[in-house]
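Working notes for the structure below.
What follows is calculated from the coordinates using simple rules that are stated; it is not laboratory data. These numbers come from a predicted model, not from an experiment.
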Amino acid sequence: MGDKQTVQVTIFHQNYTLRTAGDERDIQELADSVDQIMAAIAAKSANADSLRVAVLACLHLADRLRTLELELAQLRQRVDQKSQQFRLLLDQAIEGR
């Protein structure tokens, strides 16, 4: 990893100073995404405090992650099945020479 740099972000009206070895634009985009999710949750729950909004945002992101992990697992399974089919076809083609 390269040298770490500091990045200033604002999430749900709170400023944070983060250190990253990656691209600061990526960190800013992530922070903006979290901020948008929290703002949307807060807009639907007028009396929710920031901790409750943060927990609900975490649940939202965890659900999104689980969905993507399931989709990835299904995609890997399809790729494995296709690879097996191609391997069998290749074996048949080689034997048919």
Mind checking the angle between helix 24-44 and the chain's longest principal axis? C-alpha axes, 0 to 90 degrees, to the nearest 10.
70
Extension reserve of the ASP63-ASP32 stretch, reckoned as 0.36 nm per residue once the Cα distance is removed:
9.3 nm
Per residue of the chain, what 222 nm ellipticity follows from adding -39500 (n - 2.57) for every DSSP H run with n ≥ 4, rounded to the nearest 500?
-25000 deg cm²/dmol
Mind pulling the angle between the C-alpha long axis of helix 50-95 and the longest principal axis of the chain? Nearest 10 degrees, somewhere in 0 to 90.
10
